[in-house]
Amino acid sequence: MFRVGLTGGIGSGKSAAAECFRELGIHVVDADWAARVVVQPGKPALEQIAQHFGAGVLLDNGELNRAQLRTLIFDAPEDRAWLESLLHPLIREEILSSLEQGSSPYAILESPLLIESGQHQLVDRICVVDLPESLQVERASARDKNHKEQIRKIMAAQLNRQERLEKADDVLDNSAGLAELRSQIEILHQRYLLQAASIQN
């Protein structure tokens, strides 16, 4: 199946773009969802995380305390590398399994760290949702109620805008809002249908 990786920095509108593709009947796999599945209670990865970081990374109900874990690894590159080496292969397996379950002409893999995590190797094209960084900070802080400084820290851990654009096969400009984004996606959708059909023939 023809696969497109959909990515963008925090606050770029990647989730809104993914929803537009869903409305067009396209199977979308969310890498964040896959990342949550592999650390559910009872999964081996969750046990390993608790052993490594301590019981403080678990909530009272036994689920992963994501906010606490994020705080622990943000300023600790070695811990972040350890966590990524544990989770990335598991997430990759979950994503591949989910992509194969789709029945639409092509599939979308929505991932904030598509390029950084190596998940771009699972797709045929990379589509980047883009907007100026100042607008990214505004939208992300309004949506998540986070301080702008925290948003900038998250942005610093992701590829910078220029690097992301250099990797892109297709770019969706989301600076003008949802209606304009949707019309760009409809054009891209037609192109992807043709590319998917050419692979299958």
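Every condition in (1) surrounded by 13 or more Cβ atoms within 10 Å (Cβ to Cβ); (2) of a type in the set (Gly, Ala, Ser); (3) closer than 16 Å to residue 38 by Cβ is met by residue 85 except one, and the failing one is (1).
In summary, residue 91 fulfils each of the numbered conditions (1) modelled with pLDDT under 95; (2) β-branched (Val, Ile, Thr); (3) assigned by TED's automatic domain parsing to the domain that holds residue 162 with the single exception of condition (3). Residues in the stretch 133-153 that are over 17 Å from the mean Cα position of the chain (by Cα), polar (S, T, N, Q) and surrounded by 13 or more Cβ atoms within 10 Å (Cβ to Cβ): 141, 146, 150. Taking the numbered list (1) farther than 19 Å from residue 91 by Cα; (2) β-branched (Val, Ile, Thr); (3) touching a strand residue (DSSP E or B) at 6+ places or on another chain (Cβ under 8 Å) in turn, residue 10 passes all entries but (3).
For the criterion of being crowded, with 18+ Cβ neighbours inside 10 Å and either modelled with pLDDT under 95 or within 23 Å of residue 168 (Cβ to Cβ) (or both), residue 114 passes.
Mind listing whichever residues of the stretch 47-64 are without any contact (Cβ under 8 Å) to a residue 24 or more places away in the chain and part of a helix (DSSP H, G or I)? Reasoning before the result, please.
Keep residues of the stretch 47-64 that are without any contact (Cβ under 8 Å) to a residue 24 or more places away in the chain, which gives 47, 50-51, 54-63.
Hits for the stretch 47-64 are 47, 50, 51, 55, 56, 57.
Give the residue, chosen from 91, 73, 95, that is without any contact (Cβ under 8 Å) to a residue 60 or more places away in the chain, surrounded by 13 or more Cβ atoms within 10 Å (Cβ to Cβ) and closer than 26 Å to residue 51 by Cα.
So the residue among 91, 73, 95 that is without any contact (Cβ under 8 Å) to a residue 60 or more places away in the chain, surrounded by 13 or more Cβ atoms within 10 Å (Cβ to Cβ) and closer than 26 Å to residue 51 by Cα is 73.
Do we have residue 172 as under 20 Å from the mean Cα position of the chain (by Cα), under 15 Å from residue 12 (Cα atoms) and at pLDDT 85 or above here? It is true that residue 172 is under 20 Å from the mean Cα position of the chain (by Cα), under 15 Å from residue 12 (Cα atoms) and at pLDDT 85 or above. Consider the stretch 154-201 and keep the residues that are among the small types (Gly, Ala, Ser) and under 20 Å from residue 124 (Cβ atoms). The one that is surrounded by the most Cβ atoms within 10 Å (Cβ to Cβ) is 196.
From the list 22, 70, the one residue that fits, being outside the structural domain of residue 178 (by TED's automatic domain parsing), part of a helix (DSSP H, G or I) and not hydrophobic (A, V, I, L, M, F, W, C), is 70.
The values are calculated or read from the model by the stated rules, or taken from the named source; none is laboratory data. Predicted model, so just to flag it, every value in this text is computed and none were measured. All Cβ positions, glycine included, derive from the backbone under ideal geometry; neighbour counts span all protein chains shown.
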